[in-house]
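What follows is one structure encoded as structure tokens, with my remarks underneath.
Where a number appears in this text, it was derived from the coordinates with a stated rule and is not lab data. Everything numeric here is computed off the predicted structure, so don't read it as measured data. Note that each Cβ is placed from the backbone with ideal geometry, even for glycine, and that neighbours are counted across all protein chains shown.
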Amino acid sequence: MAFIESNMLPLGTKAPDFKLPDTVSGQEISLDDIKSDKATLIMFLCNHCPYVIHVNEEIVRIVNDYKSKGVGFVGISSNDVINYPQDGPDKMKIHAEEVGYDFPYLYDETQEIAKAYDAACTPDFYIFDGEMKLVYRGRIDGSRPKNDIPLSGEDLRAALDAVLAGDAVTEKQYPSGGCNIKWKN
């Protein structure tokens, strides 16, 4: 497991479009299907990464707290499933159901979407405003496995609260950190 931090896509970047299979519903899901005119959170996740496993509980809480406020959510897994079969689409559906993901969990087989978002790690979080411009990228909070900082989601929650209130999101943002995306050779 190699720890890597996110690349910090430039703020103001327009959300790259996508259309990917949802491992939960079996449907093709596009950016237009999940985007919100208030805020949209795009998360690069995977099943096996201990950093994702560590924050799954808080991801579920954030979705439960903000979905009713009009925030759109999607998870995307872009890992190479030949070398990491535990991240395959069949296992993604099981994982989403076990963890309680209440959002589409998409499979990026070609890894083109991860590259378009300049995603580097799992978890990696991107918040777009109602115009689908990037206003936040980075960590959920300062908690990591074994660092004894409790999960709070404070960084992600503060950014979502600002967007929903029509306020500017602070430009002081910290990169997410976790396992590197498992790129195909």
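Brief remarks follow.
- Amide H partners (placed H, <5 Å) of Tyr136, local residues excluded: Ile127
- Lys38 versus Asp80: modelled label distance in nm, points set 7 Å from Cα along the beta carbon direction: 4.1
- Top positive-direction residue, dipole computed over the stretch 37-149 with Cβ charges, set Gly138, Phe103, Ala119: Gly138
- Note on the chain: antiparallel DSSP beta bridges, both residues inside, total approximately 70 percent of the bridges counted.
- For the residue pairs Lys19/Lys67; Lys91/Lys182; Lys67/Lys115, alpha carbon separations beyond 23 Å are given by Lys67/Lys115.
- Net dipole in debye of the chain [+1 Lys, Arg Cβ; -1 Asp, Glu Cβ; about Cα centre; nearest 20]: 260
- Placed amide H near Tyr174: partners under 5 Å, 5+ positions off or other chain: Arg139
- Shown for the chain: cysteine residues without a partner Cβ closer than 4.7 Å, namely Cys46, Cys121.
- Among Ala119, Ala162, Ala96: highest mean-square fluctuation, GNM of the chain, C-alpha pairs under 10 Å: Ala162
- Residue-wise HN-Hα couplings along the stretch 27-33, as the Karplus relation 6.51 cos²θ - 1.76 cosθ + 1.60 with θ = phi - 60° gives them from phi, are 8, 7, 10, 10, 4, 4, 5 Hz; Gly and Pro carry x.
- Cα shape, the stretch 79-118, gyration tensor, a/c 1.5 rule: oblate
- Relative contact order for the chain: 34 percent, from Cα pairs under 8 Å spaced at least 6 residues apart, divided by residue count.
- Other residues whose C-beta falls under 13 angstrom from the C-beta of Lys93 contribute a net charge of -4, scoring Lys and Arg +1 and Asp and Glu -1.
- Remark: the Cα gyration tensor places the chain in the rounded category, a/c being less than 1.5.
- 3J(HN,Hα) from dihedral phi, the stretch 117-128, Karplus parametrisation 6.51/-1.76/1.60, rounded to Hz, x for glycine, proline: 8, 6, 5, 10, 9, 10, x, 9, 10, 9, 10, 10
- For Ile29, the residues whose modelled amide H falls within less than 5 Å of its own, excluding neighbours fewer than 5 places apart on the same chain, are Leu20, Asp22.
- Under the span-like rule (Cα at least 18 Å along the axis, Kyte-Doolittle mean at least 0.0), DSSP H helices of the chain: 50-66
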